[in-house]
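What follows is calculated from the coordinates using simple rules that are stated; it is not laboratory data. Small disclaimer: the values here were computed from a predicted structure and weren't measured. We place every Cβ from the backbone using ideal geometry, glycine too, and count neighbours over all the protein chains shown.
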Amino acid sequence: MKSFPSRRLLWQISLLLFLIAGTLYIARQQRTEPYQHHSGTIFGTTYHIRYQSPDNLHADIRRVLNEVDASLSTFNPHSVISRINRNETTEVDDRFAEVFRLAERISGETHGAFDITVAPLVNAWGFGFKNGTMPTKPTIDSLLPTVGYEKVQLLGRCLRKQNPHTMLDCSAIAKGYGSDVVARLLKKHGVRNLMVEIGGEIVVAGLNEQQQPWRVGVAKPTDDSLSIQQELQTVLRLTNCAMATSGNYRKFYYRNGRKYAHTIHPRTGYPVQHNILSATVVAPNCATADAYATAFMVMGLQGARQVLKAHPELSAYLIYSDVKGRNAIWVSPTLEQRIQK
């Protein structure tokens with residue numbers, strides 16, 4: 001006597017075939033949908049964006065980038081941060097509040113190595129060199145009382161300063177945040193495969209056009225103030241994460257035979273002299289990666305490793321100068337497997 005499949009078994013087989021067909025259809029769609037490419041300028045730097053979608057979303061991308069610019073860009077005289085720096089009565093927007101809270105937390109966790117109130121010192125060193133003169137010790141001493149993340153407080157929608165001469169500069173976190181905002185927008189539109197890069201700060205998700213993890217280069221830290229050389233130290237294979245790099249090999253000055261890096265220590269008021277040449281940080285979001293990369297340049301190798309030990313969600317690729325003056329590398333164990341061989 002022949003036995004026939006039960007209705008339950010037939011239903012299960014039909015469902016399985018439907019799921020297989022649906023998966024194959026989605027996979028085919030992902031392979032055939034085009035990758036959009038956009039580039040432009042924002043925050044005083046450039047951006048490059050690639051994502052897989054049948055729709056051109058550049059207009060929406062520009063809209064959210066302009067929102068971040070209107071909130072956090074010191075290059076925009078009408079931005080929220082510019083008005084705060086001029087001590088104008090200003091209510092902050094949601095974007096400013098989000099970045100300020102994150103900056104405040106990371107400042108505390110790095111004991112002030114990351115500090116968005118360092119602007120007066122950065123301006124003194126930058127403008128001083130451009131005018132052919134270095135800031136004097138009395139000048140630095142006069143500016144130090146205006147610097148310190150503890151001296152500003154966000155109360156509701158208003159920022160309170162203890163010292164009216166305190167100025168904010170979010171350039172060490174805003175580009176990363178801008179990359180995050182664009183990535184959020186694309187994901188909201190259903191985009192799964194994307195790479196957003198603003199001024200070297202990157203967010204990636206899914207796969208590239210070759211259906212492989214995104215390949216992201218880490219620049220070799222050679223003195224290159226004109227950004228002419230593009231030699232890579234290594235290439236990382238990344239997906240569903242963010243990466244930011246800070247280094248003193250692109251922004252520096254030589255005076256009287258001595259090199260002065262652009263990273264200013266918020267506590268001393270002088271350019272840092274630590275042995276780290278380049279700090280690349282991989283984190284769940286780019287604003288966090290951006291801020292910690294700057295903090296590590298201030299803290300030096302040992303300080304950076306201590307922070308990384310306390311934050312397993314972070315990983316880093318640190319290039320430093322060893323005791324013999326040669327370039328050496330320290331890599332988080334969790335990042336080693338992502339290095340392209």
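For segment 46-144, the set of trypsin sites (Lys or Arg not before Pro) satisfying both a DSSP loop assignment and a count of at most 11 other C-beta atoms within 10 Å is given as ARG86. Loop-located GluC sites (Glu not before Pro) in segment 143-232 (DSSP state not H, G, I, E or B) with no more than 14 neighbouring Cβ atoms inside 10 Å: GLU209, GLU231.
Longer than 30 Å from Cα to Cα, which of LYS151/LYS220; LYS175/LYS220; LYS161/LYS187; LYS220/LYS309; LYS137/LYS175; LYS161/LYS309 are they? Say none if no pair is. Please report the intermediate quantities before stating the final value.
Working: LYS151/LYS220 37 Å; LYS175/LYS220 21 Å; LYS161/LYS187 37 Å; LYS220/LYS309 25 Å; LYS137/LYS175 32 Å; LYS161/LYS309 33 Å.
The answer is LYS151/LYS220; LYS161/LYS187; LYS137/LYS175; LYS161/LYS309.
Identify the chymotrypsin sites (Phe, Trp or Tyr not before Pro) of segment 30-116 meeting these criteria: DSSP loop state and at most 16 other C-beta atoms within 10 Å of the C-beta. Could the numbers behind the result be given before it?
Details: sites: TYR35, PHE43, TYR47, TYR51, PHE75, PHE96, PHE100, PHE114; in loops: PHE43, PHE75, PHE114.
Loop-located and lightly packed - PHE75.
Summing +1 for each Lys or Arg and -1 for each Asp or Glu, what net charge is found among the other residues whose Cβ lies under 11 Å from the Cβ of GLN162? Could the numbers behind the result be given before it?
Numbers: positive: LYS151, ARG160, LYS161; negative: GLU150.
Here the charged neighbours net out to +2.
The Rg/Rh ratio for segment 45-188, using Cα coordinates for both the radius of gyration and the Kirkwood hydrodynamic radius, is 1.02.
Normalised by the number of residues in segment 35-336, what is the relative contact order in percent for Cα pairs under 8 Å and 6+ residues apart? Write down the numbers at each step before the final one.
Numbers: 584 pairs, mean separation 48.4, N = 302.
That works out to 16 percent.
Restricting to Cα pairs below 8 Å that are 6+ residues apart, what does the relative contact order work out to for segment 79-174? Please round to a whole percent. Mind showing how you got there, number by number?
Values: 97 pairs, mean separation 35.8, N = 96.
Relative contact order for segment 79-174 comes out at 37 percent.
When the Kirkwood hydrodynamic radius is evaluated over all pairs of different C-alpha atoms of segment 35-336, what value in angstrom, to one decimal, is obtained? The Cα-based Kirkwood calculation yields 19.9 Å. Tally Lys/Arg at +1 and Asp/Glu at -1 over every other residue whose Cβ is under 13 Å from the Cβ of GLY148; what's the total? Within the 13 Å Cβ shell, the charges total 0.
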